1. Quick test for you: out of 148, 122, pick the one residue that is surrounded by fewer than 20 Cβ atoms within 10 Å (Cβ to Cβ) and of a type in the set (Ser, Thr, Tyr).
2. Among (1) at pLDDT 95 or above; (2) surrounded by 15 or more Cβ atoms within 10 Å (Cβ to Cβ), there is one condition residue 197 misses while meeting the rest; what is its number?
3. How many residues are of a type outside the set (S, T, N, Q) and more than 21 Å from residue 119 (Cβ to Cβ) when one looks only at the range 304-339?
4. Checking the condition assigned by TED's automatic domain parsing to the domain that holds residue 58 and either touching a helix residue (DSSP H, G or I) at 6+ places or on another chain (Cβ under 8 Å) or part of a helix (DSSP H, G or I) (or both), which residue from 226, 240 passes?
5. If you scan the range 246-280, which residues turn out to be more than 18 Å from the chain's Cα centre (by Cα), under 16 Å from residue 81 (Cβ atoms) and in a loop (DSSP other than H, G, I, E, B)?
6. Of the residues that sit in the range 147-160 and are in contact (Cβ under 8 Å) with a residue 12 or more places away in the chain and part of a loop (DSSP other than H, G, I, E, B), which one is nearest to residue 204 (Cα to Cα)?
7. Considering only the range 79-105, how many residues are surrounded by fewer than 22 Cβ atoms within 10 Å (Cβ to Cβ) and assigned to a loop (DSSP other than H, G, I, E, B)?
8. Taking the range 172-188 on its own, how many of its residues are touching a residue at least 24 places away in the same chain (Cβ under 8 Å), out of contact with any Lys or Arg (no Cβ under 8 Å at 6 or more places or on another chain) and surrounded by fewer than 15 Cβ atoms within 10 Å (Cβ to Cβ)?
Amino acid sequence: MDDNGEFARGRVTRRGLLGVAAGIAAAPLARALLPGEALAAAPQLGLTKPGFARFRLGAFELTMLPDSDAFIDGPFPIIGENAAEADVQRLMIENLLPPKTYQPGFTPMVVNTGKELVIFDTGNGANGFVKRPDGGWLAAQLAPAGFTPDQIDVVVLSHGHIDHVGGIMEGGKPLFPNARYVIAATEYDYWAQEGVHTSDLAKLMAGVFRTNVVPVRDRISFIKPGDDVVGGIRSMAAPGHTPGHLAFMIESDGKNMLFWGDCAHHQVASLARPDWHCMFDSDKEQGATTRKRIYDLAAAERIPVQGYHMPFPSLGYVERRQEGGYRWLAHTYQLSQPSAG
């Protein structure tokens with residue numbers, strides 16, 4: 001704010017603010033003085049749908065693209081498979097949430113580094129967990145957010161589950177015709193091989209993986225933890241959810257952000273009780289160990305996190321609780337400033 005009381009960016013003055021406040025205060029009185037005016041009943045318009053959300057990290061531009069707004073049963077037993085259902089429901093009620101239903105995020109993220117357009121995960125596609133029209137929105141969300149599929153340079157796959165690889169194909173063809181793909185070699189090998197998955201869910205996952213990912217194998221860069229995807233984006237080990245599940249540290253101009261993929265599936269239950277098993281984890285104990293390590297990192301570094309399944313726009317921070325466990329602090333305006341500050 002300068003000496004004249006004007007804010008540097010908005011040019012909002014104290015006098016202007018007082019004038020607006022006075023006008024608001026006078027509005028009910030002015031309305032009451034209009035004789036014979038009646039308000040007609042207005043039709044209900046329905047619930048809003050999430051649109052894209054864009055933020056800055058240093059010189060990078062981050063765009064969150066919602067892939068679904070579906071409600072599903074849970075969080076038990078998706079979270080708390082090794083806990084009592086009543087305990088999971090009690091935690092929801094204590095946090096003013098419905099005990100038996102929730103709305104997870106499914107949020108691919110586009111990072112514009114200034115040199116490349118990099119998309120993290122591809123959503124449900126036509127045959128994912130959440131069926132169209134309730135999910136599989138990514139292909140239709142690109143244009144409103146200002147992108148065309150042919151602009152995407154790199155598709156990063158945190159892991160091989162169908163709500164992350166389902167959007168690779170659209171109409172039987174790769175949605176991103178010019179992109180190269182990045183996935184951990186151990187993850188690709190786990191899902192690409194036939195005859196090793198026994199449960200119905202694993203068979204479904206592997207089938208979609210082989211339909212969507214194997215056909216683009218010649219355009220895949222296989223990486224291991226610690227490898228760079230592009231300048232400013234480095235992979236990190238995060239196994240347990242799947243054998244080759246990866247997280248990624250994103251850095252620009254000294255600003256850091258963590259993309260943790262599926263290290264959490266619920267904004268309260270996953271963080272408050274990282275020891276509670278996730279139904280979708282291939283190795284339950286390793287998944288719990290990874291969650292604690294990743295949450296500790298995010299809390300200690302006090303950096304923003306993109307959590308794929310957190311409520312849209314799936315961006316927030318992690319706080320370590322004195323009584324144990326962690327808390328998700330949803331992003332408000334920290335990365336929304338016009339400059340990269």
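1. 148
2. Result: residue 197 fails condition (1) only.
3. Residues that pass the stated criteria total 15.
4. 240
5. Of everything in the range 246-280, those that are more than 18 Å from the chain's Cα centre (by Cα), under 16 Å from residue 81 (Cβ atoms) and in a loop (DSSP other than H, G, I, E, B) turn out to be 273, 274, 275, 276, 277, 279.
6. Filtering the range 147-160 down to residues in contact (Cβ under 8 Å) with a residue 12 or more places away in the chain leaves 147, 149-160.
Now narrow it down to the ones that are part of a loop (DSSP other than H, G, I, E, B): 147, 152-153, 157-160.
Numbers: 147: 31, 152: 28, 153: 28, 157: 18, 158: 18, 159: 15, 160: 11 Å.
Taking the candidates together, the pick is 160.
7. Qualifying residue count, the range 79-105: 11.
8. Within the range 172-188, residues that are touching a residue at least 24 places away in the same chain (Cβ under 8 Å), out of contact with any Lys or Arg (no Cβ under 8 Å at 6 or more places or on another chain) and surrounded by fewer than 15 Cβ atoms within 10 Å (Cβ to Cβ) number 2.
The values are calculated or read from the model by the stated rules, or taken from the named source; none is laboratory data. Computed from a predicted structure; not experimentally measured. Cβ: placed from backbone, ideal geometry, glycine included. Neighbour counts: every protein chain shown.
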